[in-house]
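Each remark here refers to the structure printed beneath this line.
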Amino acid sequence: MKCKTIEELLSPYLEDELNTEEKGTVAKHLKTCENCSLLFSLMKETQESLSDIPELEVSENLLDRLYSIPRKKKRFKLRFPNFDFLVRPSLQPILTVATIMLIMISFYFYGPNKSSIDKSISRKIGYGYSKIERLYAKAESFTASLGEYKDNILVSLKNIKLPGGNED
Amino acid sequence: MLVDTYSKRIFNMAYQFAGSYQEAEDLTQDIFLKLYNSLSKFDFKRNFSAWLLTIARNYLIDQYRRTKWEKQTRDNFNDHYLTSEAFENPEEGAVKEENKRTVWQGINNLTSEIRMAIILRDIQGKQYEEIAEIMSLPLGTVKSRINRGRLQLAKILKEKKERRNEM
């Protein structure tokens, strides 16, 4: 068996979770492969070191902070009874967009270039309006030419001589 | 009361995960704040302590992804852990202490998910089933992550020992 496959079985081997056959295979490999055998003994040392890490006591300062959380929360709720929805995560994108909009609006109203912005906006509006007018005129001329085409087509249809039909 | 029963467990989990004492205190406070906000959503059919640890695990991993603690250094092992054990063989004791320091620092090289699995299994000694519930993962995934974590730490220990031998 390859070392890579054995590596995957080292933890279950360490914790005696393999079946007899797998256990035998791993034990046999460890006897012959120096690398895997070293890795296995280091894994044991690692596990021992980790299990030796003791639990720390919580400091008085942290305990005070933790005990005061419910009081803080209650105070916040009393002061802002109806605005809890504002801190919901789902509202964050909307609040962000609203903030950006407000910043842009404030730039417009209080910025030094208000008149030039106004001019450029009115220029843009005028340009857009004239474009629409041109488009409208084009559409009108197109409908007029369609009428002409219609007349021409009708005349042509009347003049078509169908084979086998009467001359009159 | 919740603080009396669970603060030590949550604080130790946060410290083992983040590696910084100050950070762990702040994280513990945040986790309790989150807990108070979520208490109304608790399903009474579930195991409370597993549910609380799931909240803690999710918060720690979220924070880790946001701030990337792996770039920071961990506190030195002896900053807060005292070596109280008396060894018959002082040399063996020194090796064990050195191993602990290396493994403690090595935890920083593990990804957040593997780190959490290793902490729950090897430091806190939880059962695989409980870890799978806390981490909301299949049992097989938990086992393979723990194996990967142990292998990584064993390789770090190997490198450290080789470097020491070269000196």
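The values are calculated or read from the model by the stated rules, or taken from the named source; none is laboratory data. All values derive from a computational prediction rather than experimental measurement. Every residue, glycine among them, receives a Cβ derived from its backbone with ideal geometry; neighbour counts consider all protein chains shown.
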Candidates B:2, B:60, B:27 - the one that is out of contact with any helix residue (DSSP H, G or I) (no Cβ under 6 Å at 6 or more places or on another chain), among the aliphatic types (A, V, I, L, M), within 20 Å of residue A:59 (Cβ to Cβ) and surrounded by 14 or more Cβ atoms within 10 Å (Cβ to Cβ): B:2
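Report whether or not residue B:61 is within 14 Å of another protein chain (Cβ to nearest Cβ) and modelled with pLDDT of 90 or more.
Working: within 14 Å of another protein chain (Cβ to nearest Cβ): no; modelled with pLDDT of 90 or more: yes.
Here the answer is no, as residue B:61 does not meet what is asked.
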Residue tally, condition more than 9 Å from chain A (Cβ to nearest Cβ), touching a residue at least 40 places away in the same chain (Cβ under 8 Å) and among the hydroxyl-bearing types (Ser, Thr, Tyr), over region B:1-21: 2
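To keep it simple, each residue is scored yes or no on (1) in contact with a His (Cβ under 8 Å, 6 or more places away or on another chain); (2) over 27 Å from residue B:30 (Cα atoms); (3) assigned to a helix (DSSP H, G or I).
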{"residue": "B:96", "(1), (2), (3)": "no, yes, yes"}
{"residue": "B:104", "(1), (2), (3)": "no, no, yes"}
{"residue": "B:118", "(1), (2), (3)": "no, no, yes"}
{"residue": "B:126", "(1), (2), (3)": "no, no, no"}
{"residue": "B:129", "(1), (2), (3)": "no, no, yes"}
{"residue": "B:143", "(1), (2), (3)": "no, yes, yes"}
Checking residue B:157 against (1) at the interface with another protein chain (Cβ under 9 Å from one of its Cβ atoms); (2) within 17 Å of the chain's Cα centre (by Cα); (3) hydrophobic (A, V, I, L, M, F, W, C), the condition it does not meet: (2)
Residue list for region A:31-73, filter: at the interface with chain B (Cβ under 10 Å from one of its Cβ atoms), in a helix (DSSP H, G or I) and among the polar types (S, T, N, Q): A:35, A:41, A:46, A:47, A:49, A:51, A:61
Residues that are at pLDDT below 85, outside any helix (DSSP H, G or I) and surrounded by 10 or more Cβ atoms within 10 Å (Cβ to Cβ): does region A:92-113 have at least one? yes
Residues in region B:1-42 that are in a helix (DSSP H, G or I), among the polar types (S, T, N, Q) and within 26 Å of residue B:107 (Cα to Cα): how many? 6
Just to be sure, is residue A:7 charged (D, E, K, R) and surrounded by fewer than 16 Cβ atoms within 10 Å (Cβ to Cβ)? no
Return the pairs, sorted by first residue and then second, in which the second residue is outside any helix (DSSP H, G or I) and surrounded by fewer than 18 Cβ atoms within 10 Å (Cβ to Cβ), the first residue lies in region B:121-143 and is within 12 Å of another protein chain (Cβ to nearest Cβ) and modelled with pLDDT of 95 or more, the beta carbons are less than 7 Å apart, and the residues are 6+ apart or on different chains. none
Here the residues within region B:1-60 that are over 20 Å from residue A:68 (Cα atoms) and among the basic types (Lys, Arg) are B:41, B:45, B:46, B:57
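Could you tell me whether region A:15-30 includes any residue that is β-branched (Val, Ile, Thr), more than 7 Å from chain B (Cβ to nearest Cβ) and within 18 Å of residue B:153 (Cα to Cα)? Steps first, answer last, please.
Residues of region A:15-30 β-branched (Val, Ile, Thr): A:20, A:25-26.
Remaining after also requiring more than 7 Å from chain B (Cβ to nearest Cβ): A:20, A:25-26.
Next, from what is left, pick out any that are within 18 Å of residue B:153 (Cα to Cα): none.
Checked against the condition, which is being β-branched (Val, Ile, Thr), more than 7 Å from chain B (Cβ to nearest Cβ) and within 18 Å of residue B:153 (Cα to Cα), region A:15-30 yields no hits at all.
Of all residues in region B:156-167, how many are over 15 Å from residue B:98 (Cα atoms) and not acidic (Asp, Glu)? I'd like the intermediate steps shown before the answer.
Keep residues of region B:156-167 that are over 15 Å from residue B:98 (Cα atoms), which gives B:166-167.
Going one step further and asking which of them are not acidic (Asp, Glu), we end up with B:167.
Going through region B:156-167 one residue at a time, the tally reaches 1.
Among the listed residues A:54, A:12, identify the single one that is at pLDDT 90 or above and surrounded by 12 or more Cβ atoms within 10 Å (Cβ to Cβ). Let's see the steps before the verdict.
Working: A:54 fails: at pLDDT 90 or above.
Criteria check complete, one pass: A:12.
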